[in-house]
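The values are calculated or read from the model by the stated rules, or taken from the named source; none is laboratory data. Quick caveat, the model's predicted, so the values are computed rather than measured. A quick note on method: Cβ atoms are made from the backbone with ideal geometry, for glycine too, and the neighbour counts reach across all protein chains shown. Accessible surface is based on the protein model in full, side chains and every heavy atom, while ligands, DNA and RNA are left aside. Shrake-Rupley method; radii C 1.70, N 1.55, O 1.52, S 1.80 Å.
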Amino acid sequence: MSARWAAACTPARQGAAALALGVLLAWPAARAWLEATMWRHMLLQFPLWMLAGACLAGVLPPALRARAARWNAHGIAGLVGVGVVLSVLMVPRVLDLALRDPGVEATKCAALLLAGAALRASWGAAGLVVQGFFLGNVLPMTAVVGQLYSDTPLRLCNAYLQDDQARLGAWLVGVAALLALAWLARVAWWLVRREATGQALAPDSP
Amino acid sequence: MLRTALLSVLLLLGGYAAARWLTHDFQVWTDEGARRLEVALRPVDTPRVAVEGPGVAAPDLPALLAQGGGVTIVDFIYTRCQSVCLSLGSSFQQLQAALQADQAAGRSANVRLLSISFDGVHDGPAQLQAYARGQHADPALWRFVRVPAAAQEQALLHRLGVVVVPDGRGDYEHNAALLVFDAHGRMRRVFDLAEQQLALDYARHLAGGAP
(Lines give C-alpha, C1' and ligand atoms only; values in the text may rest on other atoms or scores of the structure.)
Protein backbone atom coordinates (compact mmCIF):
# COMPACT_ATOMS: atom_id res chain seq x y z
CA MET A 1 0.00 0.00 0.00
CA SER A 2 2.64 2.52 1.07
CA ALA A 3 4.94 1.38 -1.75
CA ARG A 4 2.17 1.91 -4.27
CA TRP A 5 1.45 5.28 -2.71
CA ALA A 6 5.13 6.25 -2.91
CA ALA A 7 5.26 5.14 -6.55
CA ALA A 8 2.18 7.24 -7.38
CA CYS A 9 3.68 10.35 -5.74
CA THR A 10 6.25 11.18 -8.38
CA PRO A 11 8.08 14.49 -7.92
CA ALA A 12 6.22 15.89 -10.93
CA ARG A 13 2.85 15.05 -9.40
CA GLN A 14 3.86 16.48 -6.03
CA GLY A 15 5.04 19.64 -7.72
CA ALA A 16 1.75 19.92 -9.58
CA ALA A 17 -0.17 19.37 -6.34
CA ALA A 18 1.87 22.06 -4.57
CA LEU A 19 1.33 24.48 -7.43
CA ALA A 20 -2.41 23.80 -7.66
CA LEU A 21 -2.84 24.17 -3.90
CA GLY A 22 -0.74 27.33 -3.84
CA VAL A 23 -2.73 28.92 -6.66
CA LEU A 24 -5.99 27.94 -5.00
CA LEU A 25 -4.94 29.36 -1.61
CA ALA A 26 -3.70 32.60 -3.16
CA TRP A 27 -6.85 33.02 -5.27
CA PRO A 28 -8.61 36.10 -3.78
CA ALA A 29 -12.06 34.53 -3.40
CA ALA A 30 -10.68 31.45 -1.65
CA ARG A 31 -8.46 33.62 0.52
CA ALA A 32 -11.41 35.80 1.52
CA TRP A 33 -13.48 32.71 2.37
CA LEU A 34 -10.70 31.12 4.41
CA GLU A 35 -10.00 34.35 6.28
CA ALA A 36 -13.64 35.30 6.86
CA THR A 37 -13.69 33.41 10.15
CA MET A 38 -11.00 32.97 12.73
CA TRP A 39 -11.19 29.18 12.87
CA ARG A 40 -10.90 28.76 9.10
CA HIS A 41 -8.00 31.21 9.07
CA MET A 42 -6.00 29.26 11.66
CA LEU A 43 -7.20 25.69 11.36
CA LEU A 44 -7.77 25.44 7.62
CA GLN A 45 -5.61 28.02 5.86
CA PHE A 46 -2.51 27.50 8.02
CA PRO A 47 -2.40 23.68 7.56
CA LEU A 48 -3.22 23.93 3.85
CA TRP A 49 -0.27 26.23 3.20
CA MET A 50 1.90 23.79 5.17
CA LEU A 51 0.53 20.94 3.07
CA ALA A 52 1.48 22.81 -0.10
CA GLY A 53 4.97 23.24 1.36
CA ALA A 54 5.16 19.53 2.19
CA CYS A 55 4.29 18.67 -1.43
CA LEU A 56 6.93 21.13 -2.58
CA ALA A 57 9.57 19.34 -0.47
CA GLY A 58 9.00 16.24 -2.62
CA VAL A 59 10.12 18.10 -5.73
CA LEU A 60 13.65 18.80 -4.48
CA PRO A 61 16.27 16.74 -6.37
CA PRO A 62 18.23 14.26 -4.18
CA ALA A 63 21.48 16.23 -4.50
CA LEU A 64 19.88 19.39 -3.14
CA ARG A 65 18.13 17.40 -0.43
CA ALA A 66 21.47 15.92 0.66
CA ARG A 67 23.04 19.36 0.81
CA ALA A 68 20.13 20.71 2.86
CA ALA A 69 20.37 17.71 5.20
CA ARG A 70 23.91 18.72 6.17
CA TRP A 71 22.39 21.81 7.78
CA ASN A 72 19.62 19.76 9.33
CA ALA A 73 21.16 16.90 11.33
CA HIS A 74 18.44 14.75 12.93
CA GLY A 75 15.91 17.21 11.52
CA ILE A 76 16.71 19.56 14.40
CA ALA A 77 17.09 22.82 12.47
CA GLY A 78 13.95 22.11 10.42
CA LEU A 79 11.82 21.39 13.46
CA VAL A 80 13.21 24.43 15.28
CA GLY A 81 12.14 26.48 12.24
CA VAL A 82 8.65 24.97 12.24
CA GLY A 83 8.32 25.61 15.98
CA VAL A 84 9.43 29.22 15.56
CA VAL A 85 6.98 29.85 12.70
CA LEU A 86 4.04 28.32 14.57
CA SER A 87 4.85 30.19 17.79
CA VAL A 88 5.08 33.57 16.07
CA LEU A 89 1.89 32.95 14.10
CA MET A 90 -0.02 32.30 17.31
CA VAL A 91 0.31 35.93 18.40
CA PRO A 92 -3.29 37.18 17.91
CA ARG A 93 -2.09 40.37 16.24
CA VAL A 94 -0.86 38.38 13.23
CA LEU A 95 -4.42 37.48 12.21
CA ASP A 96 -5.57 41.13 12.21
CA LEU A 97 -2.41 42.36 10.51
CA ALA A 98 -2.58 39.68 7.81
CA LEU A 99 -6.01 40.96 6.85
CA ARG A 100 -4.96 44.55 6.31
CA ASP A 101 -1.27 44.41 5.47
CA PRO A 102 -0.36 42.57 2.23
CA GLY A 103 3.29 42.35 3.28
CA VAL A 104 2.42 40.54 6.50
CA GLU A 105 0.00 38.28 4.63
CA ALA A 106 2.65 37.31 2.06
CA THR A 107 5.25 36.71 4.77
CA LYS A 108 2.80 34.59 6.74
CA CYS A 109 1.97 32.39 3.75
CA ALA A 110 5.63 32.03 2.73
CA ALA A 111 6.60 31.12 6.30
CA LEU A 112 3.88 28.45 6.44
CA LEU A 113 4.95 27.07 3.04
CA LEU A 114 8.58 26.80 4.20
CA ALA A 115 7.48 25.34 7.54
CA GLY A 116 5.50 22.64 5.72
CA ALA A 117 8.51 21.79 3.56
CA ALA A 118 10.83 21.80 6.57
CA LEU A 119 8.46 19.60 8.57
CA ARG A 120 8.36 16.94 5.87
CA ALA A 121 12.09 17.09 5.25
CA SER A 122 12.90 16.82 8.96
CA TRP A 123 10.27 14.49 10.43
CA GLY A 124 11.72 11.17 9.26
CA ALA A 125 15.27 12.15 10.15
CA ALA A 126 14.25 13.33 13.59
CA GLY A 127 13.66 10.03 15.37
CA LEU A 128 11.41 9.58 18.37
CA VAL A 129 13.38 11.68 20.84
CA VAL A 130 13.58 14.80 18.67
CA GLN A 131 9.99 14.32 17.48
CA GLY A 132 8.86 14.01 21.09
CA PHE A 133 10.78 17.11 22.09
CA PHE A 134 9.28 19.07 19.19
CA LEU A 135 5.70 17.96 19.88
CA GLY A 136 6.26 18.39 23.61
CA ASN A 137 6.86 22.06 22.94
CA VAL A 138 4.47 22.85 20.11
CA LEU A 139 1.38 20.94 21.27
CA PRO A 140 1.21 22.28 24.86
CA MET A 141 1.76 25.77 23.46
CA THR A 142 -1.15 25.24 21.04
CA ALA A 143 -3.36 23.94 23.84
CA VAL A 144 -2.50 26.88 26.13
CA VAL A 145 -3.19 29.38 23.36
CA GLY A 146 -6.46 27.57 22.60
CA GLN A 147 -7.47 27.69 26.26
CA LEU A 148 -6.65 31.40 26.33
CA TYR A 149 -8.71 32.05 23.19
CA SER A 150 -11.74 30.29 24.58
CA ASP A 151 -11.51 31.64 28.15
CA THR A 152 -10.67 35.31 27.74
CA PRO A 153 -13.58 37.74 27.96
CA LEU A 154 -11.66 40.03 25.58
CA ARG A 155 -12.00 39.95 21.83
CA LEU A 156 -8.40 39.36 20.76
CA CYS A 157 -8.84 40.17 17.08
CA ASN A 158 -10.72 43.25 15.94
CA ALA A 159 -11.76 41.52 12.74
CA TYR A 160 -13.32 38.43 14.33
CA LEU A 161 -16.28 37.78 16.58
CA GLN A 162 -15.92 36.61 20.15
CA ASP A 163 -17.83 33.33 19.70
CA ASP A 164 -15.66 32.56 16.65
CA GLN A 165 -12.61 33.05 18.87
CA ALA A 166 -14.02 30.77 21.57
CA ARG A 167 -14.76 28.05 19.00
CA LEU A 168 -11.26 28.31 17.56
CA GLY A 169 -9.84 28.04 21.08
CA ALA A 170 -11.76 24.86 21.81
CA TRP A 171 -10.70 23.34 18.50
CA LEU A 172 -7.03 24.25 19.01
CA VAL A 173 -7.11 22.34 22.31
CA GLY A 174 -8.83 19.44 20.55
CA VAL A 175 -6.37 19.36 17.65
CA ALA A 176 -3.40 19.49 20.03
CA ALA A 177 -4.83 16.59 22.06
CA LEU A 178 -5.60 14.54 18.93
CA LEU A 179 -2.12 15.04 17.47
CA ALA A 180 -0.55 14.07 20.79
CA LEU A 181 -2.67 10.91 20.98
CA ALA A 182 -1.94 10.02 17.35
CA TRP A 183 1.79 10.35 17.90
CA LEU A 184 1.69 8.34 21.14
CA ALA A 185 -0.34 5.63 19.41
CA ARG A 186 2.24 5.49 16.65
CA VAL A 187 5.08 5.25 19.14
CA ALA A 188 3.25 2.49 21.02
CA TRP A 189 2.61 0.60 17.79
CA TRP A 190 6.26 0.95 16.81
CA LEU A 191 7.41 -0.34 20.23
CA VAL A 192 5.03 -3.29 20.13
CA ARG A 193 6.15 -4.19 16.64
CA ARG A 194 9.79 -3.95 17.59
CA GLU A 195 9.20 -6.19 20.57
CA ALA A 196 7.30 -8.69 18.42
CA THR A 197 10.04 -8.83 15.80
CA GLY A 198 12.61 -8.99 18.60
CA GLN A 199 10.88 -12.08 20.07
CA ALA A 200 10.54 -13.67 16.69
CA LEU A 201 14.23 -13.19 16.11
CA ALA A 202 15.20 -14.35 19.58
CA PRO A 203 15.39 -18.12 18.92
CA ASP A 204 17.71 -17.54 15.99
CA SER A 205 20.11 -15.32 17.84
CA PRO A 206 22.94 -17.00 19.69
CA MET B 1 26.09 19.15 13.60
CA LEU B 2 27.77 22.54 14.01
CA ARG B 3 25.95 23.81 10.93
CA THR B 4 22.66 22.51 12.29
CA ALA B 5 23.27 24.28 15.60
CA LEU B 6 24.19 27.49 13.78
CA LEU B 7 21.07 27.37 11.60
CA SER B 8 18.88 26.61 14.61
CA VAL B 9 20.26 29.59 16.51
CA LEU B 10 19.72 31.82 13.47
CA LEU B 11 16.12 30.63 13.15
CA LEU B 12 15.49 31.26 16.84
CA LEU B 13 16.95 34.76 16.53
CA GLY B 14 14.79 35.42 13.48
CA GLY B 15 11.69 34.29 15.36
CA TYR B 16 12.64 36.47 18.31
CA ALA B 17 13.07 39.50 16.06
CA ALA B 18 9.73 38.86 14.34
CA ALA B 19 7.92 38.43 17.66
CA ARG B 20 9.56 41.56 19.00
CA TRP B 21 8.47 43.61 16.01
CA LEU B 22 4.98 42.15 16.11
CA THR B 23 4.41 42.87 19.79
CA HIS B 24 6.16 46.27 20.00
CA ASP B 25 8.92 44.89 22.25
CA PHE B 26 6.57 42.37 23.90
CA GLN B 27 4.24 45.11 25.17
CA VAL B 28 1.11 44.18 23.22
CA TRP B 29 -0.28 40.94 21.81
CA THR B 30 -3.38 42.17 19.99
CA ASP B 31 -3.85 44.60 17.15
CA GLU B 32 -6.08 46.70 19.40
CA GLY B 33 -3.26 46.98 21.94
CA ALA B 34 -0.86 47.99 19.17
CA ARG B 35 -3.31 50.60 17.88
CA ARG B 36 -3.65 52.17 21.35
CA LEU B 37 0.10 52.24 21.82
CA GLU B 38 0.68 53.76 18.38
CA VAL B 39 -1.95 56.46 18.99
CA ALA B 40 -0.37 57.36 22.34
CA LEU B 41 3.03 57.70 20.65
CA ARG B 42 1.80 59.47 17.50
CA PRO B 43 -1.54 61.35 17.60
CA VAL B 44 -3.78 60.65 14.60
CA ASP B 45 -5.25 63.50 12.54
CA THR B 46 -8.96 63.31 11.89
CA PRO B 47 -9.90 63.24 8.21
CA ARG B 48 -12.13 66.05 6.96
CA VAL B 49 -15.38 64.13 6.73
CA ALA B 50 -18.75 65.89 6.64
CA VAL B 51 -20.94 65.16 9.67
CA GLU B 52 -24.54 65.91 10.53
CA GLY B 53 -26.62 65.47 13.63
CA PRO B 54 -29.29 67.11 15.76
CA GLY B 55 -28.21 70.62 16.74
CA VAL B 56 -24.79 70.25 15.13
CA ALA B 57 -23.57 73.05 12.84
CA ALA B 58 -20.09 72.27 11.63
CA PRO B 59 -18.81 71.70 8.09
CA ASP B 60 -16.74 68.69 9.04
CA LEU B 61 -15.53 66.60 11.94
CA PRO B 62 -12.27 68.49 12.68
CA ALA B 63 -14.29 71.75 12.77
CA LEU B 64 -16.77 70.16 15.17
CA LEU B 65 -13.97 68.96 17.42
CA ALA B 66 -12.40 72.44 17.36
CA GLN B 67 -15.60 74.17 18.48
CA GLY B 68 -15.14 75.70 21.93
CA GLY B 69 -11.46 74.77 21.92
CA GLY B 70 -11.92 71.91 24.33
CA VAL B 71 -11.25 68.22 24.52
CA THR B 72 -13.76 65.68 23.21
CA ILE B 73 -14.27 62.09 24.28
CA VAL B 74 -15.65 60.17 21.30
CA ASP B 75 -17.32 56.80 21.02
CA PHE B 76 -18.74 54.92 18.06
CA ILE B 77 -22.31 53.66 18.23
CA TYR B 78 -25.27 52.52 16.18
CA THR B 79 -28.69 53.32 17.54
CA ARG B 80 -30.17 49.84 17.01
CA CYS B 81 -27.48 48.34 19.23
CA GLN B 82 -28.65 46.23 22.15
CA SER B 83 -25.35 44.97 23.53
CA VAL B 84 -22.07 46.79 23.97
CA CYS B 85 -23.47 50.21 23.02
CA LEU B 86 -25.77 50.02 26.00
CA SER B 87 -22.75 49.83 28.26
CA LEU B 88 -21.09 52.52 26.13
CA GLY B 89 -24.24 54.60 26.60
CA SER B 90 -24.24 54.14 30.35
CA SER B 91 -20.52 54.85 30.38
CA PHE B 92 -21.17 58.12 28.56
CA GLN B 93 -24.07 58.88 30.93
CA GLN B 94 -21.69 58.55 33.86
CA LEU B 95 -19.12 60.75 32.10
CA GLN B 96 -21.85 63.30 31.46
CA ALA B 97 -22.87 63.21 35.12
CA ALA B 98 -19.25 63.80 36.14
CA LEU B 99 -18.93 66.73 33.72
CA GLN B 100 -22.22 68.22 34.99
CA ALA B 101 -20.91 67.90 38.53
CA ASP B 102 -17.77 69.75 37.41
CA GLN B 103 -19.91 72.56 36.01
CA ALA B 104 -22.09 72.73 39.12
CA ALA B 105 -18.96 73.04 41.24
CA GLY B 106 -17.81 75.92 39.04
CA ARG B 107 -14.72 74.15 37.65
CA SER B 108 -15.75 73.43 34.10
CA ALA B 109 -13.05 71.33 32.47
CA ASN B 110 -14.04 72.14 28.87
CA VAL B 111 -14.48 68.47 28.07
CA ARG B 112 -17.33 67.31 25.87
CA LEU B 113 -18.75 64.06 24.58
CA LEU B 114 -19.47 63.03 21.02
CA SER B 115 -21.12 59.83 19.80
CA ILE B 116 -20.52 59.03 16.14
CA SER B 117 -22.77 56.51 14.42
CA PHE B 118 -21.13 54.03 12.06
CA ASP B 119 -24.53 53.01 10.72
CA GLY B 120 -25.00 56.20 8.68
CA VAL B 121 -27.56 54.60 6.39
CA HIS B 122 -30.00 53.88 9.19
CA ASP B 123 -29.09 56.55 11.76
CA GLY B 124 -30.51 59.77 10.30
CA PRO B 125 -30.79 62.94 12.41
CA ALA B 126 -34.25 61.86 13.63
CA GLN B 127 -32.96 58.50 14.88
CA LEU B 128 -30.00 60.19 16.54
CA GLN B 129 -32.32 62.73 18.18
CA ALA B 130 -34.53 59.97 19.56
CA TYR B 131 -31.48 58.02 20.74
CA ALA B 132 -30.08 61.12 22.46
CA ARG B 133 -33.39 61.65 24.27
CA GLY B 134 -33.36 58.01 25.37
CA GLN B 135 -29.87 58.49 26.79
CA HIS B 136 -30.91 61.72 28.57
CA ALA B 137 -28.10 63.51 26.78
CA ASP B 138 -27.44 67.15 27.65
CA PRO B 139 -27.05 68.81 24.20
CA ALA B 140 -24.47 71.25 25.55
CA LEU B 141 -22.21 68.40 26.66
CA TRP B 142 -23.02 65.37 24.57
CA ARG B 143 -23.73 65.43 20.87
CA PHE B 144 -24.56 62.82 18.25
CA VAL B 145 -23.53 62.78 14.60
CA ARG B 146 -23.38 60.49 11.62
CA VAL B 147 -21.20 60.61 8.50
CA PRO B 148 -23.74 60.70 5.66
CA ALA B 149 -21.33 59.75 2.85
CA ALA B 150 -20.54 56.03 3.03
CA ALA B 151 -17.04 56.42 1.53
CA GLN B 152 -16.16 59.11 4.07
CA GLU B 153 -17.53 56.97 6.87
CA GLN B 154 -15.23 54.11 5.82
CA ALA B 155 -12.29 56.50 5.55
CA LEU B 156 -12.94 57.78 9.08
CA LEU B 157 -13.25 54.29 10.58
CA HIS B 158 -10.11 53.19 8.75
CA ARG B 159 -8.07 56.19 9.90
CA LEU B 160 -9.14 55.84 13.52
CA GLY B 161 -8.69 52.05 13.51
CA VAL B 162 -12.31 51.25 14.31
CA VAL B 163 -13.22 47.80 12.97
CA VAL B 164 -16.90 46.95 12.66
CA VAL B 165 -17.89 43.31 12.09
CA PRO B 166 -21.50 42.27 11.38
CA ASP B 167 -22.31 39.39 13.72
CA GLY B 168 -24.76 37.74 11.33
CA ARG B 169 -27.73 38.41 13.61
CA GLY B 170 -28.33 41.97 12.45
CA ASP B 171 -26.01 43.46 15.05
CA TYR B 172 -22.38 44.56 14.91
CA GLU B 173 -19.36 43.83 17.05
CA HIS B 174 -16.76 46.58 17.16
CA ASN B 175 -13.68 47.50 19.14
CA ALA B 176 -15.66 49.79 21.41
CA ALA B 177 -13.51 52.25 23.26
CA LEU B 178 -13.25 55.84 24.46
CA LEU B 179 -11.27 57.98 22.02
CA VAL B 180 -9.88 61.27 23.36
CA PHE B 181 -9.45 64.10 20.82
CA ASP B 182 -7.80 67.46 21.37
CA ALA B 183 -9.07 70.79 20.00
CA HIS B 184 -6.93 70.37 16.87
CA GLY B 185 -8.98 67.33 15.97
CA ARG B 186 -6.18 64.88 16.72
CA MET B 187 -6.89 61.55 18.38
CA ARG B 188 -4.50 61.55 21.33
CA ARG B 189 -5.34 58.42 23.30
CA VAL B 190 -7.66 55.40 23.16
CA PHE B 191 -9.00 54.00 26.42
CA ASP B 192 -10.82 50.79 27.16
CA LEU B 193 -14.47 51.00 28.19
CA ALA B 194 -13.42 49.87 31.66
CA GLU B 195 -10.98 52.78 31.92
CA GLN B 196 -13.69 55.43 31.98
CA GLN B 197 -12.26 57.33 34.96
CA LEU B 198 -8.80 57.30 33.44
CA ALA B 199 -10.20 58.64 30.15
CA LEU B 200 -11.99 61.44 31.99
CA ASP B 201 -8.93 62.36 34.04
CA TYR B 202 -6.76 62.36 30.94
CA ALA B 203 -9.29 64.54 29.06
CA ARG B 204 -9.48 66.97 31.98
CA HIS B 205 -5.70 67.13 32.11
CA LEU B 206 -5.46 67.67 28.34
CA ALA B 207 -8.07 70.44 28.48
CA GLY B 208 -6.35 72.06 31.43
CA GLY B 209 -3.50 73.64 29.50
CA ALA B 210 -1.54 70.75 28.04
CA PRO B 211 -0.56 71.41 24.40
Shape call, the stretch B:28-97: gyration tensor on alpha carbons, a/c limit 1.5: oblate
In a GNM of chain B with a 10 Å cut-off on Cα contacts, which of B:GLN129, B:GLN82, B:GLN67 has the highest mean-square fluctuation? B:GLN82
Charges on Cβ only, +1 for Lys and Arg, -1 for Asp and Glu, centred on the Cα centroid of the stretch A:112-206; of A:ASN137, A:LEU161, A:ALA115, which one is farthest towards the dipole's positive end? A:ALA115
Derived scalar couplings ³J(HN,Hα) [the stretch B:174-184; Karplus, 6.51 cos²θ - 1.76 cosθ + 1.60; whole Hz; x for Gly, Pro]: 8, 6, 5, 6, 9, 9, 9, 10, 8, 6, 8
Tell me the label-point distance for the pair B:LEU37, A:ALA8, using the 7 Å Cα-to-Cβ offset, in nm and rounded to one decimal. 4.9
Taking the Cα atoms only, what angle lies between the long axis of helix A:46-57 and the longest principal axis of chain A, rounded to 10 degrees? 40
Inter-chain Cβ neighbour average for residues B:3-12, partner chain, 10 Å: 6
Dipole size in debye (nearest 20) for the stretch B:64-158 around its Cα centre, Lys and Arg Cβ +1, Asp and Glu Cβ -1? 140
Chain B: antiparallel DSSP beta bridges as a percent of all, rounded to 5: 50
Where a ≥ b ≥ c are the square roots of the eigenvalues of the C-alpha gyration tensor, would you call the stretch A:107-206 rounded, which needs a/c under 1.5, or, failing that, prolate if a/b is larger than b/c, or oblate? prolate
Which listed residue (A:MET42, A:LEU86, A:LEU60) has the Cα farthest towards the positive end of the charge dipole for chain A, taking +1 on Lys and Arg C-beta and -1 on Asp and Glu C-beta about the Cα centre? A:LEU60
Is chain B best put as rounded, prolate or oblate by its Cα gyration tensor, with a ≥ b ≥ c the root eigenvalues, rounded for a/c under 1.5, and otherwise prolate when a/b is larger than b/c, oblate when not? prolate
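Evaluate the charge dipole of the protein assembly as shown about its Cα centre and quote only its size in Debye, nearest 20, assuming +1 on the Cβ of each Lys and Arg and -1 on the Cβ of each Asp and Glu.
Details: 34 positive and 29 negative charges, 293 e Å.
Dipole of the protein assembly as shown, to the nearest 20 debye: 1400 debye.
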Just to confirm the number: angle between the C-alpha axis of helix B:150-160 and the first principal axis of chain B, 0 to 90 degrees, nearest 10? 60
From largest accessible area down, sort A:MET141, A:MET42; use a 1.4 Å probe on the protein chains. A:MET141, A:MET42
Provide the packing ranking of A:52-63, A:72-83, i.e. peptides ordered by the mean count of other C-beta atoms within 10 Å per residue, highest first. A:72-83, A:52-63
Run the dipole for the stretch B:108-195 about the Cα centre, Lys and Arg Cβ at +1, Asp and Glu Cβ at -1, nothing else charged, and hand back the magnitude in debye, nearest 20. 340
quick note, the protein assembly as shown, DSSP beta bridge pairs, % antiparallel (nearest 5) is 50
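When 1/r is averaged over all different Cα pairs and the result inverted, which Kirkwood radius in Å belongs to the protein assembly as shown?
Values: mean 1/r = 0.0401 Å⁻¹.
The answer is 24.9 Å.
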Accessible area in square angstrom per residue, the stretch A:56-206, 1.4 angstrom probe: 54
Identify the trypsin sites (Lys or Arg not before Pro) of the stretch B:134-177 meeting these criteria: DSSP loop state and at most 10 other C-beta atoms within 10 Å of the C-beta. B:ARG169
